[in-house]
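First the structure, in the form of structure tokens, and then the observations on it.
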Amino acid sequence: MAAQSVHQAYKNNSVSTASPGELTLMLYNGCLKFLGKAKIAIAEKDIQEKNINLQKAQNIIQELMVTLNMNIEISKSMMQMYEYMNHRLIEANIQNSVEIIAEVEGYVTEFRDTWKQVISMNRQRQFTGDQI
């Protein structure tokens, strides 16, 4: 029990000290985790677990939608992709479709990997003192 509370304290501290960019990366990783759990639940025919995890993934995508800065041009395209992914997850939930989940996983992975590169480039610029 003590190890679990230490782990929870670490997770809480990680979130409270993370930069906005790192928080976004955590959201992408969390979404991928829940999508993976939903695929396992479908394979095990655990409909309740599938539903819970797909809803958690949808909640994360909705959070990503809310945090978009719509004054930036690319945000409009990202919003369309998030809306598409959210719609596909609803379909995956209704159809028990591992294939649809895998499709959405691919998009989330691309967003996450791109976001990792952005964070890395920003850190490199900060380290070298370069301006954007």
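The values are calculated or read from the model by the stated rules, or taken from the named source; none is laboratory data. Computed from a prediction, not measured in an experiment: that's the story for all the values here. Ideal geometry is used to build each Cβ from the backbone, glycine not excepted, and the neighbour counts take in all protein chains shown.
Observations on the structure shown:
- Count of the range 70-96 residues which are of a type in the set (A, V, I, L, M, F, W, C), surrounded by 14 or more Cβ atoms within 10 Å (Cβ to Cβ) and either more than 30 Å from residue 47 (Cβ to Cβ) or free of Cβ contacts under 8 Å to residues at least 24 places away in the same chain (or both): 2
- Of the candidates 59, 53, the single residue that is over 8 Å from the mean Cα position of the chain (by Cα), crowded, with 20+ Cβ neighbours inside 10 Å and either free of Cβ contacts under 8 Å to residues at least 60 places away in the same chain or within 13 Å of residue 92 (Cα to Cα) (or both) is 53.
- Residues located in the range 22-50, provided they are within 30 Å of residue 123 (Cα to Cα) and free of Cβ contacts under 8 Å to residues at least 60 places away in the same chain: 23, 26, 27, 30, 33, 34
- Test for residue 19: is it exposed (fewer than 10 other Cβ atoms within 10 Å of the Cβ) and modelled with pLDDT under 95: no
- Positions within the range 97-125 being surrounded by fewer than 16 Cβ atoms within 10 Å (Cβ to Cβ) and polar (S, T, N, Q), in sequence order: 109, 114, 117, 120, 122, 124
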